[in-house]
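Undergrad: Encoded as structure tokens, here's the structure I'll be asking about.
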Amino acid sequence: MMDLRLGLRQLLRSPGFTLLAILTLALGIGANTATFSVLNGIMFKLLPYPEIAQLDRIYRATAQNRDGSISPADFLEFQRAKDAYGDVAAYAIGEASLSEPGQPAEMAHAARSSANLLSLLRMQPQLGRDFREGEDTPGNDRVVILSQRTWRNRFGLDPRVIGRTIRIDGEPHEVIGVMPEAFNDWRHLGSVDFFRPLAFTAEQASDRTGANLRVLGRRLSARSQAETTGFIANFGARLAKEFPEANAASTCRSEPLQEAVRARNGRVVLFMLVGLSLFVLLIACSNLANLLLARTMSRAREFAVRAALGASRMQLLRPLIAEALLLAMAGGVAAIFVAMWARDWLAMRSTGDNGEQVFLPIDLRVLGWAFFASLITALAFGIAPALFALRLNLTETLKSGGRGTTGGRGHRRFRQILIIGQFALAMVLLTGAGVFINGLRDLNERRAGWESTNLTTGTILLPAGKYPDAEKITAFHRLTSQRLAALPGVASASISTFAPFFPWPDTRKFLVQGRERPETGREPAAMVNNVGPGYFETYGTRVLSGRAFHDRDTATSTKVFIISQNTARGLFGNEDPIGRRIAQTEGDNVRWGEVVGVVRDVETNVDDPTTVHYQIYQPLEQEPRRQNEIAVRTNGVAPATLVESIRTTMTELDPDLPVRQLQPADATIERANYQTAVLRDMLTAFGLLGLGLASLGIYGVIARTMAQREGEFAIRLALGACIKDISRIVLGSGVKLALLGSAFGLIGAVGITRLLAANSPNMRMNSLPVLIGTTLLLIAIALLASWLPARRARKVEMMSLLRAE
């Protein structure tokens, strides 16, 4: 306690040093703690379901997708075999319109689930009840359970919501329950606004091709994970044998649900972030070590006097260790506030379209990590400078006078190694941030195969109650295209299932007429987009050969396709594809169709690459859908000016029709990449922190060293040196350290660039300009940090310093 009190008094006597050390540690430990809270919230925190260890996610695995969903008929097969495994439930997530009398319709994230989903998860509604037996049959399924978020945001936490009737997809539904807040875990089902029962018709119950169900299982307590894995694999093999047309070349697999919610690609990124935050902490710690070492050397005469008076080694060490512990603990406490601020910032930046946030609690595990980081910081980087006091030469230190010492060659080399390490780590951080910023900018600005100039887009979802069949859907599409094209300032308008700048989730297998049929399950796969007349004109996609779709391509006309350049090369080589015939190999209504056109390839603008590169278009009227993208190209006016008139037109067509993200296409792309932008911002923060701390470190060390070398400079001046020589010594030492640090940092910079490129293959990581710019920036910062102490060295009062010496 005496040492702690002495250490506290010493720190209070140097408030500038103390505040600088605490701020440095707060930023270093805070950045590391904030990143660990992200890792903790995603990787370590358990889902809110009781007995989570018994829950599995079940997949249908194929050569194209090992995490595929399961068809209704296959799910029902699982349910019939549940006695040998355990309980099985399924759900499908999609979009639905939600409206109330007197309020505009909204597009919501909805889920249809089997009636036993909540009981399988061991979760019960906070208000109301769960689905009952029989409510999963057509006609009895118009009941809904709201999420806590929807209850709060749309109904103001009104308990009288139970029993209220709301309109979903244009049909009345009774609210029967509200889920608890704990169910809103953003990693699994947290984005869902409400649940409705899965109600299979006879046709749907026999469908083995429409794989759209996500299946969960709660295995029997007597079954081990290994037994479950074997049972699921054998069950998939049986399905492939009994139903080869739909399940050939596929199998089934399972993994624990807790593991399934952890994104595989995200794991590498998370651990990379933790590693980079450790770099920030190392820079902060080396700053602390340099500050403490310089402070210890300035007190060398004090320690020499104490040693001469009989102080033991431990008596010399204990006050210094106490100071390091006090600084580390104060920095750790301040770091908690930094981590809390980072948590709130991350929640704000990650808010989804429906208000769902990524909330990362500061729990005991995170607090323990902060305490551990603080303790390691104190021990690793506080004791090393304290050991300097044990190596003092009493006689020479006492002779040196009251100005302290710069230490021996070993001490100077230690300080230089710390500075070089700081700049090397800063090089890695800045390069990672710069490369990722460059890649994300390229991703947002990429317009390969289409044009975003003067383009407004939005998503619509036709209510199933009003548009039950293809005829009504097609009539609405025609009327919508006509109304939008007639608006003042509109050059063209179109409707399609997907926009060109997002991945098309509809992937199908195709055959080419006249070619030998591939082995089942090995057919070429293509992403399919259903588009209306005017689509290619509206999006600016050039037709290279053949023709575009027109109004005569209807449900009763000959089936036609338009393929992309890459698809034409892959399917037909150097042959002319116009007039050739292809067919889908899945679906009940398989018809051969004629290729009538070839268009440019388009590239997605989000960091979600797919292994499927073929692109095929078919007329929207030949396969109409309820959820579509509308696109309007303006004629010489800003696209944002037409948003309200487009929204008014859509409301006049159908007041129950929600339009989501009606805005310029550029804004939609930027919003779609907001999660990637969060990663960019975190990398940028790490880079700036590393640069700031490294700059502070080199400035502090050189300033303190120059102050302790003032006597040496006075002697140099007395022997004939000029001011420029002194400035050259100061500037040269700083730039030399920065160059060495940058050279060592290049190795890590190349590594972080390759790591980012491997985990974001859809982003183009051009590292050479970033590496050059980062090196020049570090040298410039080192020059500035060295120039400030050099100014002081130029003002040395030679005579007074020589008298002191």
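The values are calculated or read from the model by the stated rules, or taken from the named source; none is laboratory data. All values reported here derive from a predicted model rather than from experimental measurement. Ideal geometry is used to build each Cβ from the backbone, glycine not excepted, and the neighbour counts take in all protein chains shown. Side chains included, ligands, DNA and RNA excluded: accessible areas come from the protein's heavy atoms. Shrake-Rupley method; radii C 1.70, N 1.55, O 1.52, S 1.80 Å.
Undergrad: Taking the alpha-carbon centroid of each part, what is the distance from the range 312-328 to the range 501-543 in angstrom?
TA: 71 Å
Undergrad: Okay, next question. Take the solvent-accessible surface of the protein heavy atoms, probe 1.4 Å, and return the percent of it on the range 1-103 that carbon and sulfur atoms account for.
TA: For the range 1-103, the apolar C and S fraction of the accessible surface comes to 62 percent.
Undergrad: Post the alpha-carbon centroid distance, the range 442-480 to the range 153-217, in whole angstrom.
TA: First find each Cα centre; the distance between them is then 25 Å.
Undergrad: I'd like to compare 122-129, 487-494: which one has the highest average count of other Cβ atoms within 10 Å, and what's the full order after that?
TA: Packing order, densest peptide first, comes out as 487-494, 122-129.
Undergrad: Just from its helices, what would the mean residue ellipticity at 222 nm be for the chain, if runs of 4 or more DSSP H residues each count -39500 (n - 2.57) and the sum is divided by every residue, rounded to the nearest 500 deg cm²/dmol?
TA: For the chain, the value works out to -16500 deg cm²/dmol.
Undergrad: Report the full-extension gain for the segment A237 to F359: residue separation times 0.36 nm, less the Cα-Cα distance, to one decimal in nm.
TA: That pair, A237 and F359, stretches by 39.8 nm at full extension.
Undergrad: Something else about it: To two decimal places, what compactness ratio does the range 426-470 give when its Cα radius of gyration is scaled by 2.2 N^0.38 Å?
TA: Relative to the rule-of-thumb radius for its length, the range 426-470 sits at 2.16.
Undergrad: Please report, ordered by residue number, every helix of the chain (full DSSP H runs) that is 30 Å or longer along its axis going by C-alpha atoms and whose mean Kyte-Doolittle hydropathy reaches -0.5.
TA: Span-like helices in the chain: 15-39, 264-298, 313-349, 364-386, 409-445, 674-708, 723-759, 768-793.
Undergrad: Still on this model: State, as an integer percentage, the relative contact order of the chain based on alpha-carbon contacts under 8 Å between residues 6 or more apart.
TA: The normalised contact order for the chain reaches 17 percent.
Undergrad: For the range 156-255, what is the Kirkwood hydrodynamic radius in Å, using each pair of distinct C-alpha atoms?
TA: Over the range 156-255, the inverse of the mean reciprocal pair distance is 17.6 Å.
Undergrad: Sorted by average packing, counted as other Cβ atoms within 10 angstrom per residue and highest first, what order do 228-239, 144-155 take?
TA: Going by the mean number of other Cβ atoms within 10 Å, highest first, we get 144-155, 228-239.
Undergrad: Using a simple charge model, +1 on the beta-carbon of Lys and Arg, -1 on the beta-carbon of Asp and Glu, nothing else, what dipole does the chain show about its Cα centre, in debye to the nearest 20?
TA: Rounded to the nearest 20 debye, it is 4640 debye.
Undergrad: Give the accessible surface of the chain per residue, rounded to a whole number of Å², with probe radius 1.4 Å and ligands, DNA and RNA excluded.
TA: Ligands and nucleic acids excluded, the result is 44 Å² per residue.
Undergrad: Further question on the same structure: Give me the percent of Cα-Cα pairs in the range 124-198 that sit more than 16 Å apart, rounded to a whole number.
TA: Pairs farther apart than 16 Å: 46 percent.
Undergrad: Rg and Dmax of the chain over Cα atoms: what are they, in angstrom?
TA: For the chain, the Cα-based Rg and Dmax read 33.6, 106 Å.
Undergrad: Whole-Å semi-axes of the range 1-77's equivalent ellipsoid, largest first, each the root of 5 times a Cα gyration tensor eigenvalue?
TA: 56, 16, 8
Undergrad: Let me check I have the definition right: for the range 592-705, take the eigenvalues of the Cα gyration tensor, multiply each by 5, take square roots. What are those semi-axes in whole Å, largest first?
TA: 47, 23, 13
Undergrad: Sticking with the crude label model, points 7 Å out along Cα→Cβ, report the distance from R122 to L20 in nm, one decimal please.
TA: 5.5 nm
Undergrad: Just the number, please: Stokes-Einstein D of the range 177-309 in µm²/s, Kirkwood Rh from C-alpha pairs, 25 °C, 0.890 mPa s.
TA: The diffusion coefficient I find is 113 µm²/s.
Undergrad: Given the convex hull over the Cα atoms of the range 31-127, what projected area results after averaging over all orientations, in nm²?
TA: Averaged projected hull area, Cα only: 11.4 nm².
Undergrad: Would you mind putting 363-372, 436-445 in packing order, based on average other-beta-carbon counts within 10 Å, highest first?
TA: The most tightly packed comes first, giving 436-445, 363-372.
Undergrad: Scattering from the C-alpha atoms of the range 522-584 alone, worked out with Debye: what is log10 I(q)/I(0) at q = 0.13 1/Å?
TA: -0.39
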